[in-house]
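Each remark here refers to the structure printed beneath this line.
The values are calculated or read from the model by the stated rules, or taken from the named source; none is laboratory data. Nothing here was measured: the structure is a model prediction, and the numbers come from that model. Note that we place each Cβ from the backbone using ideal geometry, even for glycine, and neighbour counts take in every protein chain shown. These accessible areas exclude ligands, DNA and RNA; they are computed on the full protein's heavy atoms, side chains included. Shrake-Rupley method; radii C 1.70, N 1.55, O 1.52, S 1.80 Å.
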Amino acid sequence: MAPPTQLPDSAGRFGHFGGRYVPETLTAALDQLVEQYQQAQADAKFAQQLQTLLRDFVGRPSPLYFAERLTQQCGGAKIYLKREDLNHTGAHKINNTLGQALLTLRMGKSRVIAETGAGQHGVATATACARFGLPCVVYMGAEDVRRQAPNVFNMKLMGAEVRPVESGSRTLRDAINEAMRDWMASVDTTHYIIGSVVGPHPFPMIVRDFQSVIGRETLQQCQTELGRLPDVVVACVGGGSNAAGMFYPLIDHAEIELVGVEAGGRSDAAGDHAAPLCHGEPGILHGSYSYVMQDEDGQTSDVHSISAGLDYPGVGPEHSYWKETGRVQYTECGDADALRAFDTLAKTEGILAAIETCHAVHNAMQIASRRSADQVVVVCLSGRGDKDAAEVARLRGEKG
Amino acid sequence: MSAIDHLFRKLRAEGRKALIPFVTAADPDLEFTAAVLAELVARGSPLCELGIPYSDPIADGPVIQASYTRALAKKVKLAEIFRMLSAVTPTLAAPVVTMVSYAIIRRHGPPQYVADAQAAGVAGLIVPDLPVEESLALTELCRAAELSLIQLVTPTTPRDRALRIIQSSSGFLYYVAVVGITGERQELPPALLDNVGWLREQSDLPICIGFGISLPEHVRQLAPVADGLIVGSAIVRRIADTAARPRHDVLQEVGDYVQSLIDAL
Ligand SMILES: Cc1ncc(COP(=O)(O)O)c(C=O)c1O
């Protein structure tokens with residue numbers, strides 16, 4: 001078998017996961033993307049351009065921050081936060097959208113579409129498009145337009161058109177369907193900047209690669225600032241892009257435990273959570289073969305999470321591969337625990353984290369409290385929580 | 001050889017073209033689907049396409065999406081659709097092909113799906129989200145079961161790739177008329193006739209054109225270059241409000257509409 005860091009293979013497979021299950025209409029564009037991405041990777045100027053943008057526009061490297069009071073409160077291992085929330089636009093999503101915007105220009109395409117759940121990917125796409133003068137349309141489930149309203153306004157401020165999606169469960173899954181349908185008709189002139197490590201080949205590979213700056217920096221910061229590797233690294237998993245970007249550069253360091261946290265929602269019952277790696281089975285959704293919540297006919301099931309960014313029935317195929325090989329351990333965190341972690345992090349560290357991120361924070365706190373003080377737990381703090389403040393207040397029956 | 005191979009051989013020998021209607025299974029219920037298939041064949045459709053409802057159809061426009069949503073809202077299962085087909089296909093004077101997402105086939109397992117389809121009297125499969133690279137195993141299974149696996153070529157397909165798709169397709173080649181999703185169009189792309197003409201020169205495989213076709217003018221324009229024309233959204237739209245009308249009226253309207261297209265062939 002090929003070493004895990006050399007996957008996917010040329011058919012876009014991670015083990016037997018991944019692949020490309022899309023209408024023929026999109027195949028030529030996906031082939032073009034593979035080809036242009038390979039050329040870009042071999043082009044030092046492309047890497048240089050992206051690196052400069054990440055430094056001067058995004059503000060990278062993002063700090064690896066010792067959460068001193070959170071560590072004290074848990075009373076165990078030291079907790080470090082990889083501060084993706086400090087990136088321009090407030091989440092890891094910008095790492096991917098700048099890379100894909102550069103690819104858009106390289107392919108000579110003149111329009112961009114995207115889907116968004118929490119709105120962070122939508123904002124990051126709108127930002128990259130404003131930066132490069134590309135017209136941008138963002139599809140967003142109507143339910144998410146409601147619960148992530150601040151991000152909708154931000155997208156519009158940057159000149160993007162936000163199209164609410166009323167079909168299905170009116171969340172991320174439906175937004176991806178609509179973006180794909182737009183792309184079916186616009187593929188000659190438009191690039192689809194997908195927001196996570198999902199979709200048909202080569203998207204899971206490209207998004208992972210652009211997000212891998214998170215894991216590379218973390219490795220380096222651990223080595224130079226702590227003089228050692230972390231014992232455990234924790235990230236939340238929606239589609240899985242912040243987790244893949246964090247984990248991929250660490251995969252060959254077998255001594256590091258990797259933990260992905262899915263949305264446990266209200267309960268283990270079908271429809272009450274969005275945790276396909278914990279409760280689903282392999283199947284096809286949005287162009288790839290991976291764990292998914294579906295019924296015995298292959299119909300995608302409705303899922304639930306308090307967090308719009310994790311409210312998705314599928315997951316990136318590489319995570320399915322890491323689950324099956326046992327390299328990454330996948331667990332879940334429920335709505336209520338995520339809300340508690342939101343509160344704890346705010347009060348102990350003065351950091352409002354995205355409700356998505358708080359799923360990872362909760363489980364990292366649990367892990368840290370069971371470990372000795374000489375151990376190091378790193379959490380990918382994937383995004384900031386301003387977007388969630390009003391919704392959290394509403395859920396508590398307070399005024400925002 | 002599948003029933004579809006036999007059909008096109010016969011149609012060509014008689015110098016006839018096929019008007020191939022598409023309807024969604026279980027919209028609004030399976031009893032109606034059985035009745036509408038019978039009506040379509042009685043009106044002169046030599047081949048029918050049945051859409052298996054799917055929760056996340058990427059290639060479909062609002063009309064067919066909504067029909068899938070209606071069918072799935074009633075919790076129809078694949079086994080029930082096949083049961084209806086088992087009863088109906090022996091009574092129809094025309095073969096039936098299913099349009100089905102690979103998500104459904106993969107979930108049941110391709111060997112099981114092919115066996116069940118064959119047992120239900122299905123003559124072929126169109127799998128709109130299974131590109132030729134991914135279709136090897138299913139191609140073998142279909143060949144062994146004498147089912148046609150109908151592949152699609154689109155205006156975005158490069159010509160060398162189109163040649164590979166023709167090689168792997170059986171029954172007929174589905175040429176997608178437009179760059180985009182299903183749905184009625186007033187105008188069809190001007191390059192369509194040339195593109196289909198080029199494909200004809202490459203192979204003897206029958207070619208049927210679908211996506212966007214809804215008007216008798218379309219039929220008159222395309223029939224000379226094609227073996228068959230596929231009409232979906234324009235029919236599904238006429239079925240959409242079946243719950244609110246006498247079924248007989250809906251069948252009559254759909255039948256009259258399809259008849260008007262057949263008359264234009
Ligand atoms: C801050 C933040 N973290 C995590 C996610 C989940 O996405 P992924 O699993 O691709 O990182 C999102 C998605 O919207 C997000 O906004």
Connecting every pair of Cα atoms under 10 Å apart in chain B and solving the GNM, the largest mean-square fluctuation among B:Glu49, B:Glu201, B:Glu31 falls on B:Glu201
Interface buried area B-A, accessible surface with 1.4 Å probe, both sides summed, nearest 100 Å², comes to 2900
Counting only backbone N atoms under 20 Å from a point 7 Å out along Cα-to-Cβ of B:Ala79, the residues of the range B:106-138 in range are B:106-122
Listed residues A:Ala118, A:Ala243, A:Ala346; largest mean-square fluctuation, Gaussian network over chain A with Cα springs below 10 Å, found at A:Ala346
So B:Ala35 and B:Arg220, fully extended at 0.36 nm per residue minus their Cα-Cα distance, gain in nm 63.8 nm
Simple spin-label estimate for B:Arg245/A:Leu395, 7 Å along Cα→Cβ, in nm, reads 4.7
Output field shielding_mean for B:43-56 (other chain Cβ, 10 Å radius) holds 3
For A:Arg170 the rounded accessible area (nearest 10 Å², probe 1.4 Å, non-protein molecules ignored) is 90
The cysteines in the protein assembly as shown that find no other cysteine Cβ closer than 4.7 Å to their own Cβ are A:Cys74, A:Cys222, A:Cys236, A:Cys278, A:Cys333, A:Cys358, A:Cys380, B:Cys48, B:Cys142, B:Cys208
On each of the three principal axes the extent of the alpha-carbon atoms of the range A:116-166, given in whole Å and largest first, is 30, 17, 14
Answer in debye to the nearest 20: the dipole magnitude of the protein assembly as shown about its Cα centre, from +1 Lys/Arg and -1 Asp/Glu charges placed on Cβ, is 840
Here FRET efficiency (C-beta to C-beta, A:His16 to B:Asp263, R₀ 45 Å, nearest 0.05) is 0.35
Taking a probe of 1.4 Å and leaving out DNA, RNA and ligands, the range B:3-264 shows per residue an accessible area in Å² of 38
Compactness check, the protein assembly as shown: C-alpha Rg relative to the 2.2 N^0.38 Å globular estimate gives 1.00
Note on the protein assembly as shown, DSSP bridge orientation, antiparallel percent to nearest 5 equals 20
Two pseudo-spin positions, 7 Å from Cα along C-beta at B:Ser168 and at A:Ala42, lie apart in nanometres by 2.6
Magnitude of the Cβ-charge dipole (Lys and Arg +1, Asp and Glu -1) of the range B:3-264 about the Cα centre, nearest 20 debye, reported as 220
Carbon plus sulfur, as percent of the 1.4 Å-probe accessible area of chain A, comes to 49
With label points set 7 Å from each Cα along the Cα-to-Cβ direction at A:Ala270 and B:Glu14, the distance between them in nm comes to 4.6
Rounded to whole Å², per residue accessible area for chain A with a 1.4 Å probe reads 34
Cα gyration tensor of the range B:171-265 diagonalised, 5x eigenvalues square-rooted, in angstrom largest first, produces semi-axes 28, 13, 11
1/(1 + (r/R0)^6) with r = Cβ-Cβ of A:Ala346 and A:Asp188, R0 = 35 Å, i.e. FRET efficiency to nearest 0.05, evaluates to 0.15
Sorting A:Glu255, A:Glu84, B:Glu39 on solvent-accessible surface, 1.4 Å probe, most exposed first, gives A:Glu255, B:Glu39, A:Glu84
Against the 2.2 N^0.38 Å rule of thumb, the C-alpha Rg of the range B:98-176 sits at a ratio of 1.04
From the cross-link list A:Lys45/A:Lys93; A:Lys82/A:Lys323; A:Lys45/A:Lys78, the entries with a Cα-Cα span beyond 31 Å are A:Lys45/A:Lys78
With the full set of protein chains present, the residues of the range A:279-323 whose 1.4 Å probe accessible area falls by 50 Å² or more relative to the chain alone are A:Ile284, A:Glu296, A:Asp297, A:Gln299
A correct Stokes-Einstein calculation for the range B:3-264, using the alpha-carbon Kirkwood radius, 10 °C and 1.306 mPa s, returns a whole-number D in µm² s⁻¹ of 87
Across A:Ala130, A:Ala338, A:Ala275, the residue with the highest GNM fluctuation in chain A (Cα network, 10 Å cutoff) is A:Ala130
Of the accessible area of the range B:3-264, computed with a 1.4 Å probe and all protein chains kept, carbon and sulfur make up a percent value of 54
Rounded to the angstrom and largest first, Cα extents along the principal axes for the range B:47-184 equal 41, 36, 30
One computes Rg over Rh for the range A:59-217 from alpha-carbon atoms, with the Kirkwood Rh, and obtains 1.02
Dividing the helical contributions, -39500 (n - 2.57) per DSSP H run of n ≥ 4, by the residues of the protein assembly as shown yields a 222 nm value, nearest 500 deg cm²/dmol, of -13500 deg cm²/dmol
